[in-house]
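The values are calculated or read from the model by the stated rules, or taken from the named source; none is laboratory data. Keep in mind that this is a model prediction, so the values were computed, not measured. Here Cβ is always computed from backbone atoms with ideal geometry, including for glycine, and neighbour counts include all displayed protein chains.
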Amino acid sequence: MSGTISLFEAYNRTAYPLVGHGKRNIQVLKDVLSELDGKMESDVYGSGELIEDFQNKIAKFLGKEAAVFFPSGTMAQQIAMRIWSEKKGIKRVAYHPLCHLEIHEEEGLKHLHGIESLLLADKTRLIQLEDVLNMDTNISCLLLELPQREIGGELPSYEELEAISAFCREKGIILHLDGARLLEVLPYYEKSAEQICSLFDSVYISFYKGIGGIAGAILAGHEAFVKESVIWKRRHGGDLISLYPYVLSADHFFMQRQDRFQQYYEGAKELAGLYNDCQGTTTRPVVPVSNMFHIHFSLPKAKLEPVLVAVYEETGVGFITRLNHIDDETSYCEVNIGDQFASIPKEVIHQAFHVLNQKLQEALQEK
(Lines give C-alpha, C1' and ligand atoms only; values in the text may rest on other atoms or scores of the structure.)
Protein backbone atom coordinates (compact mmCIF):
# COMPACT_ATOMS: atom_id res chain seq x y z
CA MET A 1 0.00 0.00 0.00
CA SER A 2 2.83 2.43 0.83
CA GLY A 3 4.08 2.41 -2.74
CA THR A 4 0.75 3.47 -4.25
CA ILE A 5 -0.39 6.30 -2.01
CA SER A 6 0.80 9.90 -1.94
CA LEU A 7 2.13 11.60 1.18
CA PHE A 8 -0.87 13.92 1.30
CA GLU A 9 -3.34 11.04 0.98
CA ALA A 10 -1.55 9.05 3.67
CA TYR A 11 -1.56 12.06 5.99
CA ASN A 12 -5.31 12.54 5.53
CA ARG A 13 -5.93 8.91 6.48
CA THR A 14 -4.08 9.10 9.80
CA ALA A 15 -5.89 9.14 13.13
CA TYR A 16 -3.45 11.67 14.60
CA PRO A 17 -2.45 14.47 12.20
CA LEU A 18 0.14 16.66 13.96
CA VAL A 19 -0.11 20.00 12.18
CA GLY A 20 -2.70 22.70 11.62
CA HIS A 21 -6.24 22.99 12.90
CA GLY A 22 -7.85 20.21 10.87
CA LYS A 23 -9.13 19.63 7.36
CA ARG A 24 -10.10 22.65 5.27
CA ASN A 25 -13.51 21.43 4.19
CA ILE A 26 -17.04 22.79 3.91
CA GLN A 27 -17.73 21.87 7.54
CA VAL A 28 -15.52 24.80 8.60
CA LEU A 29 -18.05 27.27 7.19
CA LYS A 30 -21.05 25.21 8.30
CA ASP A 31 -19.81 25.31 11.89
CA VAL A 32 -19.55 29.10 11.74
CA LEU A 33 -22.95 29.68 10.15
CA SER A 34 -24.75 27.22 12.43
CA GLU A 35 -24.26 29.61 15.36
CA LEU A 36 -25.68 32.68 13.59
CA ASP A 37 -29.12 34.11 12.94
CA GLY A 38 -29.99 33.46 9.32
CA LYS A 39 -31.76 36.81 9.15
CA MET A 40 -28.55 38.75 9.81
CA GLU A 41 -27.94 41.35 7.12
CA SER A 42 -24.99 40.62 4.84
CA ASP A 43 -22.44 43.21 3.78
CA VAL A 44 -22.97 44.85 0.37
CA TYR A 45 -19.99 46.05 -1.67
CA GLY A 46 -17.83 46.57 1.39
CA SER A 47 -20.37 48.36 3.56
CA GLY A 48 -22.80 47.33 6.26
CA GLU A 49 -22.69 46.69 9.98
CA LEU A 50 -21.32 43.16 9.64
CA ILE A 51 -18.11 44.10 7.83
CA GLU A 52 -17.68 47.55 9.39
CA ASP A 53 -17.88 46.22 12.95
CA PHE A 54 -15.22 43.63 12.16
CA GLN A 55 -12.92 46.18 10.53
CA ASN A 56 -13.24 48.45 13.56
CA LYS A 57 -12.50 45.55 15.92
CA ILE A 58 -9.31 44.61 14.11
CA ALA A 59 -8.19 48.23 13.75
CA LYS A 60 -8.47 48.58 17.54
CA PHE A 61 -6.63 45.29 18.08
CA LEU A 62 -3.77 46.51 15.88
CA GLY A 63 -3.77 50.01 17.39
CA LYS A 64 -4.50 51.67 14.05
CA GLU A 65 -7.03 54.38 13.17
CA ALA A 66 -8.85 52.30 10.57
CA ALA A 67 -8.84 49.00 8.67
CA VAL A 68 -10.38 47.52 5.54
CA PHE A 69 -11.15 43.87 4.76
CA PHE A 70 -9.73 42.39 1.55
CA PRO A 71 -10.45 39.04 -0.09
CA SER A 72 -6.69 38.37 -0.34
CA GLY A 73 -3.41 39.52 1.11
CA THR A 74 -1.88 39.71 -2.37
CA MET A 75 -4.37 42.41 -3.29
CA ALA A 76 -3.99 44.23 0.03
CA GLN A 77 -0.19 44.45 -0.03
CA GLN A 78 0.13 45.46 -3.68
CA ILE A 79 -2.34 48.25 -2.99
CA ALA A 80 -0.39 49.35 0.08
CA MET A 81 2.78 49.56 -2.00
CA ARG A 82 0.93 51.54 -4.70
CA ILE A 83 -0.45 54.08 -2.22
CA TRP A 84 2.88 54.64 -0.50
CA SER A 85 4.74 54.88 -3.83
CA GLU A 86 2.36 57.54 -5.11
CA LYS A 87 2.47 59.43 -1.83
CA LYS A 88 6.27 59.58 -1.90
CA GLY A 89 6.55 59.98 -5.67
CA ILE A 90 8.99 57.07 -5.84
CA LYS A 91 7.92 53.84 -7.58
CA ARG A 92 10.42 51.65 -5.77
CA VAL A 93 10.06 49.61 -2.60
CA ALA A 94 12.47 47.46 -0.60
CA TYR A 95 11.98 43.99 0.86
CA HIS A 96 13.55 40.56 1.38
CA PRO A 97 14.47 38.47 -1.71
CA LEU A 98 11.99 35.80 -0.55
CA CYS A 99 9.16 38.26 0.11
CA HIS A 100 5.74 37.02 -1.05
CA LEU A 101 5.48 39.93 -3.51
CA GLU A 102 8.74 38.86 -5.12
CA ILE A 103 8.31 35.09 -5.48
CA HIS A 104 4.59 34.25 -5.33
CA GLU A 105 2.74 36.97 -7.23
CA GLU A 106 3.96 36.66 -10.85
CA GLU A 107 5.58 40.12 -10.66
CA GLY A 108 2.18 41.71 -10.05
CA LEU A 109 3.74 44.73 -8.35
CA LYS A 110 5.78 45.48 -11.47
CA HIS A 111 3.21 44.67 -14.15
CA LEU A 112 0.09 46.08 -12.48
CA HIS A 113 1.62 49.07 -10.72
CA GLY A 114 4.95 49.78 -12.39
CA ILE A 115 6.75 49.49 -9.05
CA GLU A 116 10.30 48.17 -8.91
CA SER A 117 11.81 46.28 -5.99
CA LEU A 118 15.07 46.71 -4.10
CA LEU A 119 16.08 43.38 -2.56
CA LEU A 120 17.81 43.55 0.82
CA ALA A 121 20.01 40.89 2.45
CA ASP A 122 20.26 37.51 0.72
CA LYS A 123 18.02 34.48 0.59
CA THR A 124 19.65 32.73 3.55
CA ARG A 125 19.08 35.28 6.32
CA LEU A 126 16.92 38.03 7.73
CA ILE A 127 17.10 41.70 6.80
CA GLN A 128 19.28 43.27 9.48
CA LEU A 129 19.65 46.83 10.70
CA GLU A 130 22.97 47.10 8.86
CA ASP A 131 21.23 46.27 5.56
CA VAL A 132 18.73 49.06 6.16
CA LEU A 133 21.37 51.59 7.21
CA ASN A 134 23.41 50.86 4.08
CA MET A 135 20.58 50.56 1.55
CA ASP A 136 19.78 53.02 -1.22
CA THR A 137 17.22 55.25 0.49
CA ASN A 138 15.63 56.28 -2.81
CA ILE A 139 12.60 54.15 -1.98
CA SER A 140 9.06 54.91 -0.89
CA CYS A 141 8.54 51.98 1.46
CA LEU A 142 10.39 49.23 3.30
CA LEU A 143 8.40 46.03 3.84
CA LEU A 144 9.31 43.66 6.67
CA GLU A 145 7.76 40.21 7.04
CA LEU A 146 7.29 38.82 10.55
CA PRO A 147 8.13 35.98 10.69
CA GLN A 148 10.21 35.48 7.53
CA ARG A 149 8.40 32.41 6.32
CA GLU A 150 10.64 31.14 3.54
CA ILE A 151 13.68 30.77 5.84
CA GLY A 152 11.86 28.87 8.55
CA GLY A 153 9.91 31.66 10.21
CA GLU A 154 12.91 33.47 11.67
CA LEU A 155 12.54 36.80 13.50
CA PRO A 156 14.77 39.78 14.27
CA SER A 157 15.07 40.94 17.86
CA TYR A 158 12.51 43.48 19.00
CA GLU A 159 15.32 45.96 19.63
CA GLU A 160 16.41 45.63 16.00
CA LEU A 161 12.84 46.27 14.86
CA GLU A 162 12.73 49.42 16.97
CA ALA A 163 16.01 50.62 15.47
CA ILE A 164 14.84 49.97 11.90
CA SER A 165 11.59 51.79 12.61
CA ALA A 166 13.43 54.80 14.05
CA PHE A 167 15.74 54.97 11.03
CA CYS A 168 12.83 54.85 8.57
CA ARG A 169 11.01 57.64 10.38
CA GLU A 170 14.16 59.75 10.46
CA LYS A 171 14.64 59.30 6.70
CA GLY A 172 10.95 59.65 5.78
CA ILE A 173 10.68 56.05 4.56
CA ILE A 174 7.33 54.33 5.04
CA LEU A 175 7.57 51.07 7.01
CA HIS A 176 4.98 48.39 6.17
CA LEU A 177 4.43 45.14 8.06
CA ASP A 178 3.66 41.91 6.23
CA GLY A 179 2.03 40.48 9.33
CA ALA A 180 0.29 37.56 7.65
CA ARG A 181 1.32 35.60 10.73
CA LEU A 182 1.37 38.47 13.21
CA LEU A 183 -0.49 36.67 16.00
CA GLU A 184 1.98 33.82 15.70
CA VAL A 185 4.93 36.00 16.78
CA LEU A 186 3.33 37.71 19.78
CA PRO A 187 4.38 35.01 22.30
CA TYR A 188 8.05 35.22 21.28
CA TYR A 189 8.21 39.01 21.46
CA GLU A 190 6.03 39.10 24.58
CA LYS A 191 4.37 42.17 23.08
CA SER A 192 0.82 43.02 22.07
CA ALA A 193 -0.16 43.38 18.44
CA GLU A 194 -0.64 47.08 19.08
CA GLN A 195 2.90 47.47 20.43
CA ILE A 196 4.46 45.77 17.40
CA CYS A 197 2.24 47.60 14.91
CA SER A 198 3.12 50.96 16.47
CA LEU A 199 6.53 50.58 14.80
CA PHE A 200 4.90 50.44 11.35
CA ASP A 201 2.92 52.90 9.21
CA SER A 202 0.69 50.17 7.77
CA VAL A 203 0.08 46.52 8.45
CA TYR A 204 -1.51 43.53 6.73
CA ILE A 205 -2.71 40.42 8.55
CA SER A 206 -4.17 37.19 7.17
CA PHE A 207 -7.18 35.30 8.48
CA TYR A 208 -6.65 31.87 6.91
CA LYS A 209 -3.18 30.98 8.18
CA GLY A 210 -2.76 30.60 11.95
CA ILE A 211 -6.24 31.96 12.60
CA GLY A 212 -7.76 29.32 10.34
CA GLY A 213 -10.53 31.21 8.56
CA ILE A 214 -11.63 30.53 4.99
CA ALA A 215 -9.83 33.44 3.35
CA GLY A 216 -9.38 37.18 3.68
CA ALA A 217 -7.06 39.85 5.02
CA ILE A 218 -7.04 43.20 6.78
CA LEU A 219 -5.03 46.24 5.75
CA ALA A 220 -4.75 48.83 8.51
CA GLY A 221 -3.20 52.24 9.03
CA HIS A 222 -4.21 55.85 9.46
CA GLU A 223 -7.60 57.07 8.22
CA ALA A 224 -6.42 58.67 4.98
CA PHE A 225 -4.41 55.58 3.99
CA VAL A 226 -7.39 53.29 4.57
CA LYS A 227 -9.79 55.55 2.63
CA GLU A 228 -7.45 55.37 -0.35
CA SER A 229 -7.15 51.60 0.14
CA VAL A 230 -10.92 51.30 -0.19
CA ILE A 231 -10.79 53.07 -3.56
CA TRP A 232 -8.01 50.82 -4.80
CA LYS A 233 -9.88 47.77 -3.54
CA ARG A 234 -12.77 48.73 -5.84
CA ARG A 235 -10.38 49.29 -8.75
CA HIS A 236 -8.93 45.80 -8.21
CA GLY A 237 -12.35 44.14 -8.18
CA GLY A 238 -12.06 43.33 -4.50
CA ASP A 239 -15.50 44.69 -3.63
CA LEU A 240 -17.50 41.53 -4.17
CA ILE A 241 -21.25 41.96 -3.75
CA SER A 242 -20.80 40.27 -0.36
CA LEU A 243 -17.76 39.07 1.56
CA TYR A 244 -19.65 37.79 4.60
CA PRO A 245 -18.58 34.10 4.41
CA TYR A 246 -14.98 35.27 4.72
CA VAL A 247 -15.70 37.99 7.29
CA LEU A 248 -17.81 35.74 9.52
CA SER A 249 -15.27 32.92 9.49
CA ALA A 250 -12.43 35.38 10.11
CA ASP A 251 -14.27 36.89 13.07
CA HIS A 252 -15.29 33.51 14.46
CA PHE A 253 -11.82 31.97 14.42
CA PHE A 254 -10.07 35.17 15.44
CA MET A 255 -12.15 35.24 18.61
CA GLN A 256 -11.71 31.50 19.14
CA ARG A 257 -7.94 31.34 18.62
CA GLN A 258 -6.40 34.73 19.39
CA ASP A 259 -5.43 33.57 22.89
CA ARG A 260 -4.10 30.15 21.83
CA PHE A 261 -0.89 31.19 20.10
CA GLN A 262 1.19 30.72 23.25
CA GLN A 263 -0.03 27.11 23.26
CA TYR A 264 0.85 26.70 19.57
CA TYR A 265 4.29 28.25 20.18
CA GLU A 266 5.07 25.86 23.04
CA GLY A 267 3.88 22.95 20.89
CA ALA A 268 6.19 24.01 18.06
CA LYS A 269 9.19 24.07 20.39
CA GLU A 270 8.29 20.63 21.74
CA LEU A 271 7.83 19.18 18.25
CA ALA A 272 11.06 20.71 16.94
CA GLY A 273 12.93 19.08 19.81
CA LEU A 274 11.57 15.68 18.79
CA TYR A 275 12.64 16.19 15.18
CA ASN A 276 16.11 17.32 16.18
CA ASP A 277 16.53 14.07 18.12
CA CYS A 278 16.00 12.07 14.92
CA GLN A 279 18.84 10.95 12.66
CA GLY A 280 19.52 13.14 9.63
CA THR A 281 16.97 15.74 10.69
CA THR A 282 17.37 19.37 11.75
CA THR A 283 14.94 22.22 12.17
CA ARG A 284 15.27 25.87 11.21
CA PRO A 285 15.32 27.61 13.58
CA VAL A 286 16.66 24.93 15.93
CA VAL A 287 14.34 26.42 18.56
CA PRO A 288 11.27 27.90 16.84
CA VAL A 289 10.35 31.54 17.43
CA SER A 290 6.70 31.08 16.43
CA ASN A 291 4.32 28.20 15.79
CA MET A 292 6.05 27.47 12.46
CA PHE A 293 9.45 26.13 11.44
CA HIS A 294 11.16 24.21 8.66
CA ILE A 295 12.47 20.65 8.85
CA HIS A 296 15.52 19.69 6.78
CA PHE A 297 16.15 16.02 6.03
CA SER A 298 19.37 14.36 4.87
CA LEU A 299 17.36 12.32 2.39
CA PRO A 300 15.98 13.33 -1.01
CA LYS A 301 12.25 13.72 -1.49
CA ALA A 302 11.86 10.58 -3.60
CA LYS A 303 13.50 8.40 -0.94
CA LEU A 304 11.95 10.06 2.11
CA GLU A 305 8.29 10.08 1.03
CA PRO A 306 7.81 6.27 1.14
CA VAL A 307 9.54 6.21 4.52
CA LEU A 308 7.07 8.74 5.91
CA VAL A 309 4.07 6.97 4.40
CA ALA A 310 5.20 3.72 6.04
CA VAL A 311 5.48 5.48 9.42
CA TYR A 312 2.00 6.98 8.99
CA GLU A 313 0.51 3.57 8.26
CA GLU A 314 2.30 1.86 11.14
CA THR A 315 1.69 4.49 13.83
CA GLY A 316 -1.47 6.35 12.74
CA VAL A 317 0.41 9.63 13.18
CA GLY A 318 0.69 12.11 10.31
CA PHE A 319 3.84 14.26 10.44
CA ILE A 320 3.68 16.45 7.34
CA THR A 321 1.52 16.82 4.24
CA ARG A 322 4.19 17.59 1.64
CA LEU A 323 7.92 17.58 1.01
CA ASN A 324 9.98 20.04 -1.02
CA HIS A 325 12.93 19.04 -3.19
CA ILE A 326 16.28 20.70 -2.45
CA ASP A 327 18.73 18.45 -4.31
CA ASP A 328 19.59 14.80 -4.83
CA GLU A 329 20.66 14.48 -1.21
CA THR A 330 18.22 16.58 0.82
CA SER A 331 14.64 17.80 1.17
CA TYR A 332 12.64 20.02 3.51
CA CYS A 333 9.13 20.88 4.62
CA GLU A 334 7.25 23.54 6.57
CA VAL A 335 5.34 22.82 9.77
CA ASN A 336 2.65 24.93 11.43
CA ILE A 337 1.25 23.99 14.82
CA GLY A 338 -2.45 24.57 15.49
CA ASP A 339 -5.25 22.99 17.50
CA GLN A 340 -4.51 19.39 16.55
CA PHE A 341 -1.13 18.93 18.24
CA ALA A 342 -2.37 19.40 21.82
CA SER A 343 -5.19 16.88 21.29
CA ILE A 344 -2.86 13.95 20.61
CA PRO A 345 -1.67 11.79 23.56
CA LYS A 346 2.03 12.35 24.26
CA GLU A 347 2.77 8.65 24.34
CA VAL A 348 1.35 8.30 20.82
CA ILE A 349 3.57 11.12 19.54
CA HIS A 350 6.71 9.78 21.23
CA GLN A 351 6.13 6.25 19.92
CA ALA A 352 5.63 7.59 16.41
CA PHE A 353 8.91 9.52 16.61
CA HIS A 354 10.65 6.37 17.84
CA VAL A 355 9.44 4.56 14.72
CA LEU A 356 10.34 7.52 12.51
CA ASN A 357 13.88 7.63 13.89
CA GLN A 358 14.35 3.90 13.31
CA LYS A 359 13.19 4.11 9.71
CA LEU A 360 15.29 7.21 9.03
CA GLN A 361 18.36 5.40 10.36
CA GLU A 362 17.66 2.45 8.04
CA ALA A 363 17.13 4.74 5.05
CA LEU A 364 20.32 6.71 5.77
CA GLN A 365 22.35 3.48 5.99
CA GLU A 366 21.05 2.47 2.54
CA LYS A 367 21.85 5.91 1.08
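Only one of the numbered conditions (1) under 25 Å from the mean Cα position of the chain (by Cα); (2) over 30 Å from residue 138 (Cα atoms); (3) not polar (S, T, N, Q); (4) not in a loop (DSSP other than H, G, I, E, B) is violated by residue 50, and that is (1).
In segment 182-198, is there at least one residue being closer than 20 Å to residue 88 by Cα and not in a helix (DSSP H, G or I)? No, segment 182-198 contains no residue that is closer than 20 Å to residue 88 by Cα and not in a helix (DSSP H, G or I). Applying a threshold of 6 Å to beta carbon distances and a minimum spacing of six or more residues, or different chains, the list of pairs starting in segment 30-41 at a residue that is touching a residue at least 40 places away in the same chain (Cβ under 8 Å) and ending at one that is polar (S, T, N, Q) reads 32/249. In segment 131-146, of all residues being in contact with a helix residue (DSSP H, G or I) (Cβ under 7 Å, 6 or more places away or on another chain) and part of a helix (DSSP H, G or I), the one that is surrounded by the fewest Cβ atoms within 10 Å (Cβ to Cβ) corresponds to 133.
Within segment 337-367, the residues that satisfy the criterion of being over 16 Å from residue 274 (Cβ atoms) and either crowded, with 18+ Cβ neighbours inside 10 Å or touching an Asp or Glu at 6+ places or on another chain (Cβ under 6 Å) (or both) are 338, 363. Among helices (runs of 4 or more DSSP H) entirely within segment 56-130, having at least 3 residues that are touching a residue at least 40 places away in the same chain (Cβ under 8 Å) singles out 73-88, 100-103.
Any chance segment 178-201 includes a residue that's under 19 Å from residue 96 (Cα atoms) and either at pLDDT below 95 or in contact with a Cys (Cβ under 6 Å, 6 or more places away or on another chain) (or both)? Scanning segment 178-201, I find no residue that is under 19 Å from residue 96 (Cα atoms) and either at pLDDT below 95 or in contact with a Cys (Cβ under 6 Å, 6 or more places away or on another chain) (or both), so the answer is no.
Could you list all residues from segment 203-227 that are assigned to a helix (DSSP H, G or I), in contact (Cβ under 8 Å) with a residue 60 or more places away in the chain and not basic (Lys, Arg)? Hits for segment 203-227 are 223, 225, 226. Among all positions in segment 228-239, there is no residue which is more than 23 Å from residue 141 (Cα to Cα), hydrophobic (A, V, I, L, M, F, W, C) and not in a loop (DSSP other than H, G, I, E, B).
Applying the selection to segment 29-57, what residues are of a type in the set (A, V, I, L, M) and surrounded by fewer than 23 Cβ atoms within 10 Å (Cβ to Cβ)? 29, 32, 33, 36, 40, 44, 50 - these are the residues of segment 29-57 that are of a type in the set (A, V, I, L, M) and surrounded by fewer than 23 Cβ atoms within 10 Å (Cβ to Cβ). Screening residue 92 against (1) more than 26 Å from residue 268 (Cβ to Cβ); (2) in contact with a Cys (Cβ under 9 Å, 6 or more places away or on another chain); (3) crowded, with 19+ Cβ neighbours inside 10 Å leaves a single unmet condition, (3).
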